[in-house]
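Worksheet: the structure to be examined is printed underneath.
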Amino acid sequence: MQIDYKSELNAAQYDAVMHDEGPLLVIAGAGSGKTRTVVYRLARLVEQGVAPESILLLTFTRKAAGEMLFRAGGLLGYGLGGVSGGTFHSFAYGVLKRHHLLLGFERGFSITDRSDCTQLVADAKSNLGLGKGDRSFPKKDTVLDILSKSRNKEANVGTIIQNEAFHLLPYVEDMERMAVEYARLKKESCLLDYDDLLFELERLLRDEPDVAVSLRSRFSHIMVDEYQDTNRVQARIVKLLTGGRGNVMAVGDDAQSIYAFRGAVVANILDFPSEFPGAKIVRLERNYRSTQEVLDLANAVLANAQRKFEKRLYTEHTGGAMPEVVKTLSDQSQSRLVLEKIIELNKRYEMHEIAVLFRAGYQSYSLEVQLNKLGIAFQKFGGIKFTEAAHVKDALAFMRVQINPADSVAWKRVLGHIKGVGPKTADKIVQAAISGDGKALGRFTKRFAELMPMLEFLNQLRMDNPKPEASLGRIIEFYTPLLMAAYPDDYPRRQQGLEQLESISAQYSECDQFLAEINLDNPMEDAEEIRKNALVLSTIHSAKGLEWDAVLILDLVEERFPGRRAMQRPEDMEEERRLMYVAATRARKFLGMYVPESLYVRHLERSEPVRPSPFVLELPPLTYVEYKEGYGGRLQRPVQAQIDKPSGAGSMNAVSSASSGNSSESGGSGKDKAPVRLGFCHHKIYGRGKVLEYIPPDKYRVNFTGFGLKVIIGQYLEME
Ligand code: ATP
Ligand code: MG
């Protein structure tokens, strides 16, 4: 199949796609076709004879990589199965697994997830005897965050605390000791955490010439999307992998950097040209995604950033709907009004082309309840994941012991199901089991009747070492009575989840591969994605790189977005601002922003007033239209709209689309202030339109057929 690059790309994109050998940087704003450029370049390389096996494509999620390969395959007319695509972490896992002996793990290793890590932090604390009787000793989650930050930012624990958690300064020494013990515990249990994956890969590439040489000769081309969100070690890995040829393509947008809290450094993208001398730099300036109305608002969000971004995006999609700011009385009525909006938008857009975005996973719970009631299908990305559910972790813990008997974290989880076994005892049983101390084990099996059957089960499992699906089948059978005892209320739902897990596992031939992927990439999301026509709910972080026709953003209030902590630190505030920019630029045609005026506080059992997010307050008035929930739950246009209404007129129901006009609007007598009657008018460019509102002193809001809402100075309008 012949690809017509010239007609499907603009000149700058074409330049990047046709770039020959050597480093290439594409740096450009949201929706300018960066990812599209990578896709076409992939196709182009393969078309030119580069073997798919020698291309490495690194992106933020496995889903994104899959999608890009799928699209490139679509252009070529055949699949690109050979390309290695995925996240830095999953790539690192693959390499480390092959070289586990070099890492000092004779029998392989397992990967920990968040809750495993907090467990290890708790173990480290108790091993060191720290914090006894000290109620202000930092919580294990806090400690874990700081340890991980210290690694990702490559700064010592003291520096991180000084910068970000001043109040914990008295504990610096304790935490440094915990960091050492935490590392020791991982090593002892043959575990690697996410951060280890990257640092160990770097170490291999640096210290093991054979590994470095073989990887460099394998991958002749490396491509990295969303480069602004890489951290230091990721950038060094790219460099170590590139070798002499330097065929590396990095793509990103400095204004969309949203992972500084995990150590991402914008400097990586800005320093690219000096790190890779001779790099070709391509800037893209046309936005293909959004309407001018959406772009204007997004640009207004960035305009107040401390660090100025050189972005001159333009689009040819003009005449779209104005973005809406909707002030609701409470977070509960927010859910209801969002739901009404979704139903209305669904008349124009398919359900899976509508997305509701939020800062943190819990913020959509109340909406989820309402969606369930109405039977509206949705799929959720980000937030608490399926694999983090307790029952799923339980089942997986059995499999982890099967493949890595030294995995003390998994052991403890499994043993926790035995009646009477607390954390301390579990520890001792694990020690006895791992070290093969038969006597000690015997004492425990006598004390706890359920222990023997469990040990037998695990032992059999380990000896048979079945494939993932068979293993899960046996685990689920053994685990079901425990599940029913632990969750008498909702075990059927959880059982279903486990069956789903089992069917996913059928795609894998090795247990360790299955466990690694489910931890790193969440293949469940891929399975979910098959569900067409389901509304999308997503955290903003998980919405990166994606686009929908309509986007609704929830909870734009202080303390939620931006989050509480961000309001205290300028750098964090800047990151929240970029996050808001990412959220707004996901929309193609419609953007709605929801601002509840009160939030329900569970422990107080009442609603408390909140202030709108600064990101909304600082928007220039002409970048959006505002609606307000009146008493009785209907939406009204506030202030200006009221001026024009004949007194006594009911509130207009503005839930109907902004661009389709409001049929309930009467011609209006245009009370005192409006110099002309509200009716129809003519404009040289936009043609005939309906005047909806007079905006003192001299403007009108007009709805033009085909162009939507515009605010225009009176002298450019000819009134009918
Ligand atoms: P983000 O910063 O959000 O990751 P991006 O720069 O990667 O955005 P893409 O997702 O590649 O942008 O492109 C945005 C949209 O514009 C996509 O729907 C893409 O197909 C479309 N697009 C990009 N370039 C062109 C083009 N030359 N012609 C037609 N459509 C284009
Ligand atoms: Mg992109």
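The values are calculated or read from the model by the stated rules, or taken from the named source; none is laboratory data. Owing to the predicted nature of the structure, the values given are computational and were not obtained by experimental measurement. Here the Cβ positions follow ideal geometry from the backbone for every residue, glycine too, while neighbour counts run over all protein chains shown. Side chains included, ligands, DNA and RNA excluded: accessible areas come from the protein's heavy atoms. Shrake-Rupley method; radii C 1.70, N 1.55, O 1.52, S 1.80 Å.
So here's what we get for this one:
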item: Count - residues of the range 104-142 that are in contact (Cβ under 8 Å) with a residue 40 or more places away in the chain and more than 21 Å from A410 (Cα to Cα); result: 3
item: Members of the range 438-460 found to be of a type in the set (D, E, K, R) and open to solvent by less than 90 Å² (accessible area, probe 1.4 Å), listed by number; result: E450
item: Condition met for S542 (open to solvent by 30 Å² or more (accessible area, probe 1.4 Å) and within 16 Å of ligand 2 (Cβ to nearest atom)); result: yes
item: Total residues in the range 122-137, condition modelled with pLDDT of 90 or more and out of contact with any Phe, Trp or Tyr (no Cβ under 6 Å at 6 or more places or on another chain); result: 9
item: Residue list for the range 248-293, restricted to those being of a type in the set (S, T, Y) and more than 16 Å from ligand 2 (Cβ to nearest atom); result: S274, T291
item: Pair list, Cβ under 6 Å, 6 or more apart: the range 23-41 residue in the same structural domain as G243 (by TED's automatic domain parsing), other residue within 8 Å of ligand 2 (Cβ to nearest atom) and in a strand (DSSP E or B); result: V26/V251; K34/V251; V38/V251
item: Qualifying helices (runs of 4 or more DSSP H) (wholly inside the range 98-157; at least 2 residues being out of contact with any helix residue (DSSP H, G or I) (no Cβ under 9 Å at 6 or more places or on another chain)); result: 100-103
item: Test: T87 is within 16 Å of ligand 2 (Cβ to nearest atom), at pLDDT below 95, surrounded by fewer than 22 Cβ atoms within 10 Å (Cβ to Cβ) and hydroxyl-bearing (S, T, Y); result: yes
item: Residue match in the range 610-617 (condition: touching a residue at least 40 places away in the same chain (Cβ under 8 Å), within 16 Å of ligand 2 (Cβ to nearest atom) and on the phi < 0 side of the Ramachandran plot); result: no
item: Single residue of the range 264-273 satisfying the filter (away from ligand 1 (no atom under 15 Å from the Cβ) and part of a loop (DSSP other than H, G, I, E, B)) that is modelled with the highest pLDDT; result: D271
item: Meets criteria (open to solvent by 30 Å² or more (accessible area, probe 1.4 Å) and in contact (Cβ under 8 Å) with a residue 24 or more places away in the chain) for N163; result: no
item: Check on L215, over 27 Å from the mean Cα position of the chain (by Cα) and either surrounded by 17 or more Cβ atoms within 10 Å (Cβ to Cβ) or within 24 Å of V265 (Cβ to Cβ) (or both); result: yes
item: Any strands (runs of 3 or more DSSP E) falling wholly within the range 274-381 and containing at least 1 residues that are more than 29 Å from G563 (Cα to Cα); result: 280-284
item: Whichever residue in the range 231-255 is over 20 Å from G86 (Cα atoms) and open to solvent by 10 Å² or more (accessible area, probe 1.4 Å) and, among such residues, is nearest to ligand 1 (Cβ to nearest atom); result: D254
item: Failed criterion for I161 (all others in (1) assigned to a helix (DSSP H, G or I); (2) β-branched (V, I, T); (3) modelled with pLDDT of 95 or more hold); result: (3)
item: Per-region count, the range 473-499, residues in a helix (DSSP H, G or I), open to solvent by 80 Å² or more (accessible area, probe 1.4 Å) and modelled with pLDDT under 85; result: 3
item: Residue count for the range 1-58, restricted to those that are within 8 Å of ligand 1 (Cβ to nearest atom) and over 26 Å from the mean Cα position of the chain (by Cα); result: 4
item: Qualifying positions in the range 218-243 - within 16 Å of ligand 2 (Cβ to nearest atom) and assigned to a loop (DSSP other than H, G, I, E, B); result: D225, E226, T230
item: Verdict on R577 being within 15 Å of ligand 2 (Cβ to nearest atom) and either among the aromatic types (F, W, Y) or within 18 Å of the chain's Cα centre (by Cα) (or both); result: no
item: Residues located in the range 54-67, provided they are open to solvent by 40 Å² or more (accessible area, probe 1.4 Å) and either in contact with a His (Cβ under 8 Å, 6 or more places away or on another chain) or not in a helix (DSSP H, G or I) (or both); result: F60, T61
item: Any hit, the range 16-33, residues being more than 25 Å from K544 (Cα to Cα) and in a helix (DSSP H, G or I); result: yes
item: Scope the range 341-375; condition over 23 Å from the mean Cα position of the chain (by Cα) and buried (at least 18 other Cβ atoms within 10 Å of the Cβ); matching residues; result: K341, L345
item: Residue in the range 41-53 that is open to solvent by less than 30 Å² (accessible area, probe 1.4 Å) and within 15 Å of ligand 2 (Cβ to nearest atom) present; result: yes
item: Which numbered condition V421 misses (of (1) free of Cβ contacts under 8 Å to residues at least 40 places away in the same chain; (2) open to solvent by less than 50 Å² (accessible area, probe 1.4 Å); (3) part of a helix (DSSP H, G or I)); result: (3)
item: Residue list for the range 7-40, restricted to those being away from ligand 2 (no atom under 16 Å from the Cβ) and within 26 Å of Q292 (Cβ to Cβ); result: S7, E8, A11, Y14, D15
item: Considering residues of the range 166-188 that are in contact with a Leu (Cβ under 8 Å, 6 or more places away or on another chain) and either free of Cβ contacts under 8 Å to residues at least 24 places away in the same chain or of a type outside the set (A, V, I, L, M, F, W, C) (or both) only, the residue most open to solvent (accessible area, probe 1.4 Å); result: R177
item: Any chance G74 is within 15 Å of ligand 1 (Cβ to nearest atom), open to solvent by 30 Å² or more (accessible area, probe 1.4 Å) and either without any contact (Cβ under 8 Å) to a residue 24 or more places away in the chain or not assigned by TED's automatic domain parsing to the domain that holds V248 (or both); result: yes
item: Tabulated pairs, the range 250-263, first assigned to a strand (DSSP E or B), second among the β-branched types (V, I, T) and more than 11 Å from ligand 1 (Cβ to nearest atom), C-beta under 7 angstrom, 6+ apart or interchain; result: A250/V224; A250/I269; V251/V224; G252/I269
